[in-house]
Amino acid sequence: MRRGSGLLPARRLGLTDRGKIAEGLVADVTIFDPATVKDRATFTAPHQYPDGIPYVLVNGVPVVEAGVFTSHRPGRVLRRGR
């Protein structure tokens, strides 16, 4: 991966508060070890959450903490240029 390439999708959509981690910006972060992630979905049961993703932050708020879903729902629909 090229340095700074994570900014491209946010920039293309005009999302100036996303695409990098810095003070004052929105933090959408998934923390995991690729060696431990396991897809549990199958063709007969496709809507299964994966194992091995212990932390997910949306707008800087934990929605998965130590592998357990919290009751927080800080997400919102993103529109171009906002």
Along segment 43-60, Karplus-curve 3J(HN,Hα) (6.51, -1.76, 1.60; θ = phi - 60°) to the nearest Hz, with x for Gly and Pro, reads 5, 7, 9, x, 9, 10, 6, x, 8, x, 10, x, 9, 9, 10, 10, 6, x
Residues with amide H under 5 Å of Val64's amide H, sequence separation 5 or more or different chain, H placed in the peptide plane at 1.01 Å from N; which?
Val56, Thr70
Hand me the chymotrypsin sites (Phe, Trp or Tyr not before Pro) from segment 43-82 located in a DSSP loop with no more than 12 other Cβ atoms within 10 Å, in residue order please.
Phe43
Residue-averaged [θ]222 nm for the chain, counting only DSSP H segments that reach four residues, each worth -39500 (n - 2.57)
-1500 deg cm²/dmol
In nm, give the distance between the simple-model label positions of Arg80 and Phe43, each being 7 Å from the Cα along the Cα-to-Cβ direction.
3.8
J(HN,Hα) series, segment 25-42, from Karplus relation 6.51 cos²θ - 1.76 cosθ + 1.60, nearest Hz, glycine and proline x
9, 6, 10, 10, 9, 10, 10, 7, 9, x, 6, 10, 6, 9, 6, 9, 5, 10
Give me the net charge of Val63's neighbourhood, meaning all other residues with Cβ under 11 Å from the Cβ of Val63; Lys, Arg count +1, Asp, Glu -1.
-1
Using a simple spin-label model with points 7 Å from Cα along the Cα→Cβ vector, what separation in nm is obtained for Thr36 and Leu13?
2.8
Accessible area per residue in Å² at 1.4 Å probe, computed on the chain
83
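How large is Rg over Rh for the chain, taking Rg from the Cα atoms and Rh as the Kirkwood inverse mean of 1/r across Cα pairs?
1.02
The values are calculated or read from the model by the stated rules, or taken from the named source; none is laboratory data. The model shown is predicted, which means the values in this text are computed figures rather than measured ones. Using ideal geometry, Cβ is built from the backbone for each residue, glycine included, and neighbour counts are taken over all protein chains shown. The protein model used for the area step is the full one, side chains on, heavy atoms only, and it has no ligands, DNA or RNA in it. Shrake-Rupley method; radii C 1.70, N 1.55, O 1.52, S 1.80 Å.
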